[in-house]
Each structure stands twice: as structure tokens, then as C-alpha cells.
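Quick notes on the structure that follows.
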Amino acid sequence: MRVAIVINTSWNIWNFRRSLVKALQAAGHEVLAIAPPDDYSQRLETELGCRYVPVLMENKGTNPARDAQLTQRFYRIYRRERPDVVLHFTIKPNIYGTLAAKLAGIPSVNNVSGLGTVFIVRNLVSRVALGLYRFAFRFPKRVFFQNDDDRQLFLQYQLVAPGITDLLPGSGVDTQRFQPAAEFTRNTPFTFLMIARVLYEKGVEEYFEAAKLVRQSVPGTRIQLLGGIDESGGVGVKRAIFEQWLQAGNIEYLGISDDVAALIRQADCVVLPSYREGTPKTLLEAAAMGKPIVTTDVPGCRETVVHGHNGLLCQVRDAADLAEKMLQVQQLPDADLAQMGYASRQLAVEKFDERLVLDKYLRVVDDVTRRQTT
């Protein structure tokens, strides 16, 4: 069978769906990777063995005319490539790719990996997006959600029929690749790490404010940030503002990296003060590597922490509470810190192992394609 994976960036396929590509290939399926071109597009072919198909897509744009053209572009690709099933990820493929797949007579499976600003900021754009979801989500064979809060919200707004919904533990985590160190060690100075794009909705501003408070209380504490700057679409922190924040000297900015595991390994605690998520991959990787977690008590993030067991939950948009929770973890005795990390590892293995995700996708692909041939 020919399976198309459609996402808003080639980078996204490489970083978050690589294991799915390999699992589909191992099951005998041909995989098409459909995404806008970037630095990772060629690697999808040379290192993953996909056939890469480029598509022009404005990830942050909200122009209806241009988005209608996106539906046409998807339709032309689907008609030309004739996949047996299309797996959509991220907002625009979920909406416009689904419409194109319906027009092309090809079954689709959607994955709601996070709601972005649609349910965080209420405005004309969000109202239009809700209407588009309601129309497009009449057509997929299955819609996966990464947490039940998101699923219930879609059901509350009557955006999707209950019978086609299902839950996944995020995108899962490779618990063999992401493993704890053989022995527990505590850094001196203590090191916090946040991994996220530099977007307001990821809680970056609160992280900077909390860093100041933590370092006032415990001078010398290392507080790091790993992630790219994204000024597009008006949701990212402008570079000039970000550089001004950095001048305060409380955050060590690490830029971007292809070896996230090495940086997690060097941290004592991983932090994500996001406003809302699907299920954050970075926290799953941190948990698998046996790291305590501090994150917000919001949908998607709260699923990764049992408060007081493998980490702490803080209030959203509250830098003072974030700083308090970071300090609580920092002040734990070595034995308690090690136990919290061990609990993270156990949670990752039992609840978030990527095999749970891959098995569901393999089953739904087989089910959808079998129905098409009978």
C-alpha cells in the first residue's frame, strides 16, 4: 500500500514521525512524505527512504483565498500520486488536506497534535478555523487526539463525530533511544532546560521572568533554552525583544540542535510552561531519560506529570508560581531528585512508549485500506 504522510514542515516529519515512517515501511508499505521544502527534505529520501513530494504551504497565514489554493495543490498531488491512504498532521493539512483527499476519493486519517492559538485566542480567525474544522472533519475515517481534553473540546463544539475519534499518547517516545544515565548525578550548578520554539504560547516570557526569580534566590543556577526563533505569523517573540531579554543574563540560549538527547542528559530538570499542548514530545523524551519535569497544569502538559511523583505542575501564565516550583525541585535532596527522575522513566515506559502509537497507526492503515479493497 502507498501511504502519504502530510505535515506542515519536512523538519516535523524528520523529528516527530520518523519512527512512524520506519514502522510503515517495515510493514511493507511505500511511504510518501508530503511537506514544504526545508533543510530536512532531502534527508527524508536519502536517510529514511521516503519519496519526498514538495508542497507550497504558508504555515502561519490565514488568507482564505491562498488556503483555497492549498486545497487545490493537495488535490493535484493526491490525484497524481494516488496514495491508498493519507495521514494528516498539523492544522492546515488536517483541514485543507482532508478536503482535497475527499475530492480525490482517498481515505484520510487525521491527528490533532495541539490546538495552537485557535482555542487560546478568540477572534475572527479562530471562529473561521472552528467552522473549517467542523466542515472538514466530516470526512476522515479516524481522528486521533493526543489528550482527552482536546477530544472533549472538539466534541463539545460538535466539530467531529464521536465514533471516529481515538486517543494516542502523543507521538510517543522511543524508550530504547532515550534512556537514563547509568548512574544518577546532580549538576553543580543545578541546571534547568526548556526545549521549545521561542513563542509566547510556549511560556517563554514566563520562563525568562522565572529565571530571574530563581537566580535571585539561588545565584549561579544555570537556566537554559533550546529552540529556534520563529517570528512568522505574529505569534513568535521578535528577535529584537528576545535579544533584549537575553541581555539580562539569566538565560543561556542554546539555539537549535539535532542532538536534543545530549542536552537533556546534561540537565537536572526539564521545564515547559506552555499555555496548551497536544502532548509535548520534548517532555516525553525528558521523562524517558529519567528527568524530573516542571510544566503547566494545562491540557497536554499535565498528562506528562503526576504532581509530586515525577515532577511538579505550576499555574499557567504565572512566572512566580513557575519559579516556586523550579526552586522546589532544585532544593530536593539527591535521593528524592533521583527518585523523581526514576518515576519519570517508569511513566514514559508504561504510558508513552511509541509502540503504542505505532501499533494504532498500523492497525488503522490496514483497516482503512482493507475497506477500500472490499
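Going through region 85-97 one residue at a time, which ones are in a helix (DSSP H, G or I) and either of a type in the set (D, E, K, R) or farther than 18 Å from Leu56 by Cβ (or both)? Reasoning before the result, please.
First, pick out the residues of region 85-97 that are in a helix (DSSP H, G or I): 91-97.
Correct list: Lys92 only.
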- prompt: Regarding Val294, is this residue within 22 Å of Gln216 (Cα to Cα), of a type outside the set (Phe, Trp, Tyr) and at pLDDT 95 or above?
  reply: yes
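Please pick out the residue among Val204, Val173 that is of a type in the set (A, V, I, L, M), modelled with pLDDT of 95 or more and under 30 Å from Arg355 (Cβ atoms). Don't jump to the end; show me each part of the working.
Numbers: Val204 fails: under 30 Å from Arg355 (Cβ atoms).
Matching residue, one of Val204, Val173: Val173.
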- request: Show the residue pairs that are 6+ apart or on different chains and have beta-carbon atoms under 8 Å apart, the first residue being within region 8-31 and farther than 12 Å from Val365 by Cα and outside the structural domain of Tyr361 (by TED's automatic domain parsing), the second being buried (at least 22 other Cβ atoms within 10 Å of the Cβ) and of a type in the set (S, T, N, Q).
  value: none
Unique residue being touching a residue at least 12 places away in the same chain (Cβ under 8 Å), crowded, with 22+ Cβ neighbours inside 10 Å and not in a loop (DSSP other than H, G, I, E, B) when the list is Ala287, Ala267: Ala287
- prompt: If a residue has to be on the phi < 0 side of the Ramachandran plot, more than 21 Å from the chain's Cα centre (by Cα) and not aliphatic (A, V, I, L, M) to count, how many in region 1-46 make the cut?
  reply: 7
- prompt: Is there a residue being crowded, with 18+ Cβ neighbours inside 10 Å, touching a helix residue (DSSP H, G or I) at 6+ places or on another chain (Cβ under 9 Å), of a type in the set (Val, Ile, Thr) and not in a loop (DSSP other than H, G, I, E, B) anywhere in region 296-319?
  reply: yes
- line: Of the residues in region 99-126 that are of a type in the set (Val, Ile, Thr) and farther than 20 Å from Val21 by Cα, the one that is modelled with the highest pLDDT is Val125
message: Exactly one of these conditions fails for Phe190: (1) touching a residue at least 60 places away in the same chain (Cβ under 8 Å); (2) surrounded by fewer than 16 Cβ atoms within 10 Å (Cβ to Cβ). Give me its number.
response: (2)
query: For residues in region 136-154 being modelled with pLDDT of 95 or more and farther than 30 Å from Pro292 by Cβ, which is surrounded by the most Cβ atoms within 10 Å (Cβ to Cβ)?
result: Pro140
message: Kindly evaluate Gln372 against the criterion of being under 25 Å from Ala196 (Cα atoms) and surrounded by fewer than 18 Cβ atoms within 10 Å (Cβ to Cβ).
response: no
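With the structure loaded, tell me whether Arg66 is at pLDDT 95 or above and in the same structural domain as Asn12 (by TED's automatic domain parsing) or whether it fails that test. Before you say what the answer is, go through the steps one by one.
Values: at pLDDT 95 or above: no; in the same structural domain as Asn12 (by TED's automatic domain parsing): yes.
Spelling it out, it is not the case that Arg66 is at pLDDT 95 or above and in the same structural domain as Asn12 (by TED's automatic domain parsing).
Which one of these is within 16 Å of the chain's Cα centre (by Cα), within 17 Å of Asp318 (Cα to Cα) and part of a helix (DSSP H, G or I): Glu209, Glu205, Glu201?
Values: Glu209 fails: within 16 Å of the chain's Cα centre (by Cα); Glu205 fails: within 16 Å of the chain's Cα centre (by Cα).
On inspection, the qualifying residue turns out to be Glu201.
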- request: List the number of the failed condition for Gln328; all other conditions in (1) polar (S, T, N, Q); (2) modelled with pLDDT of 95 or more; (3) buried (at least 24 other Cβ atoms within 10 Å of the Cβ) hold.
  value: (3)
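The values are calculated or read from the model by the stated rules, or taken from the named source; none is laboratory data. The model shown is predicted, which means the values in this text are computed figures rather than measured ones. So basically every Cβ, Gly included, is an ideal-geometry build from the backbone, and we count neighbours across all protein chains shown.
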